[in-house]
Amino acid sequence: MEKLVISGGKALRGTVRISGGKNSSLAIITAACLAPGVSVLENVPMCRDVVTLAAILEALGARIELQGGRMTIDARQMTTHVAPYELCRQMRASFYTAGILLGRLHRAQVPLPGGCVIGSRPVDFHLRGFTALGALVEIEHGYMKATVDRLAGTTFFVPRSSVGTTINLMLAASRASGATVLENAAREPEVVDTAVFLNLLGAHIKGAGTNAITIEGADELHGASYAIIPDRLEAGTYLLAAAATGGDVLVAQMIPEHISALLAKLEESGATVDRGTDGVRVRAGGIHRGVQLDTAPYPGFATDLHPPFAAVLAMADGASRIRETVFESRFGYVDELRRMGADIRAEGDSALISGVPYLTGAPVEAVDIRGGAAVLIGALAARGVTEIATLANLDRGYEQVEQKLSALGADIRRVDVRGGEILTAPVA
Ligand code: EPZ
């Protein structure tokens, strides 16, 4: 029952450090439980999805500690193959437990996952992949139930570029007998990060980052230490917030080439973008040109940056169109931006935006993680006060969001709705 209260219109200035990748962390924390050992991960973000996943893995028998970005995962014992229903329903990445349980225990009973409401999000590709690896798979009472004597390597064509399917099958195939080839594999940095970590555990994976990944099954895996890559989606969100407010922000501790498609579009919209080796500075006069873009699998324009970019384009000088090609209905944020005065509508697979000179603060909701980022950016740039509710969605993906934005000069507070108590005051 918390809200963010933002008094908008302040240009963001300064430096912000990017946390470890949320989506990388979710895959790698789960991967650590494939090996009967102790792993230590650095740069793990303290966001809600990470905490939920840790609770799921603890229910399976792992022991997990998270302190100051360092997570210790003791996966020597996995005591059950049944994943907890209510926790798994809260997030898509919970389904990665299916890959590790099948690989390690040869059976898995995992609830069909939940996650952001951005269209139908089936797990049929995952199931077809497990079947191709030799598992007997059925859906019963809301669970996927799968058993196998031992997974056997195979060649599997991922029906369309899917991050989750690629990662889940890498997890399972790392413990299969023989070699597995994943064709049409996703190429996202999170896939590469997971493969690098799995290899540290003793797996034999080649080709991650290309469309063909080969996984030679390993009999023995062990614990490892690893630092998660920076969160390219958090980095993109802060760059867009800087652009929307006409600010000057150095986004540090990130990998610029992970968001090349965004940087190109930011430049096209009128912002000045300086790329460094591990940071990007954005300077913006506050007036942008409208742009046209299609979301696409990596290295294309990331679907997760569609809603936050739409918020920037809502204040552009001219018309824009964002065509969403990855998810079927990622437009929940549209009505929320309209409450703030945006001239935006969803039509078919596209968001059609006519720029307005300014947005105005309003009570809005964070409809999902990136929809939350969209209203946050709108609020930072808007005239007047915005209250963002349903904050749990934003907290699923962003670590210390109000602290980081306060340090950049934003007027942002987290309040407890019941008592009106201020939980976080801006940094002086
Ligand atoms: C991951 O989701 C991310 N989540 C998403 O980030 C991200 O938007 C997405 O990849 C695309 O980059 C995590 O990493 C936890 P997909 P994932 O499998 O793996 C269809 C965020 O805000 N599909 O690549 O679930 C699917 O419906 C989140 O951080 C099937 O049809 O995405 C989609 O249209 C939101 N059947 C397309 O493939 C399947 O079995 C790509 O989805 C699997 C996927």
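A short reminder: the numbers here are calculations on the coordinates, not readings from a lab. Computed from a predicted structure; not experimentally measured. Every residue, glycine among them, receives a Cβ derived from its backbone with ideal geometry; neighbour counts consider all protein chains shown.
Quick notes on this one:
- Pair-distance distribution of segment 295-362: all C-alpha pairs, bin width 5 Å, starting at 0; shares per bin in whole percent are 4, 19, 30, 25, 14, 6, 2, 0.
- Cα gyration tensor shape of segment 302-405, rounded if a/c is under 1.5, else prolate or oblate by comparing a/b with b/c: oblate
- Quotient of the Cα radius of gyration of segment 97-146 and 2.2 N^0.38 Å, N being its number of residues: 1.14.
- Amide H to amide H, with H built 1.01 Å from N, ASP317 comes under 5 Å of HIS288, ARG289, GLY290, counting only residues 5 or more places away or on other chains.
- Modelled label reach - ARG121, point 7 Å along Cα→Cβ, segment 72-107 residues with backbone N closer than 16 Å: 86-98
- Pairs of Cα atoms nearer than 8 Å and 6+ residues apart set the relative contact order; for the chain it is 20 percent.
- D (Stokes-Einstein, µm²/s), Kirkwood Cα radius, segment 22-227, 1.002 mPa s at 20 °C: 131
- Compactness of segment 1-110 is given as radius of gyration and Dmax, 16.4, 55 Å, from Cα positions.
- Net length gained if the chain between GLU58 and HIS141 were fully extended (0.36 nm per residue, minus Cα distance): 27.6 nm
- Computed extension length for VAL417-SER354: 19.3 nm, one decimal, from 0.36 nm per residue of separation with the Cα-Cα distance subtracted.
- Signed unit charges on C-beta, dipole axis of the chain, positive-most listed residue THR79, SER161, GLY8: GLY8
- The three principal axes of the C-alpha atoms in segment 166-262 carry coordinate ranges of 55, 29, 16 Å, sorted with the longest axis first.
- Once both labels are positioned 7 Å from their Cα atoms along Cα-to-Cβ, the gap between SER260 and SER329 label points is 3.5 nm.
- Over segment 22-227, Cα pairs under 8 Å with separation of 6+ residues give a relative contact order of 21 percent.
- With a Förster radius of 56 Å applied to the C-beta separation of HIS106 and ASP274, the computed FRET efficiency comes to 0.60.
- For the chain, the direction-averaged projected area of the alpha-carbon convex hull comes to 18.6 nm².
- Largest first and in whole Å, the equivalent-ellipsoid semi-axes of segment 46-116 read 19, 16, 9, each the square root of five times a Cα gyration tensor eigenvalue.
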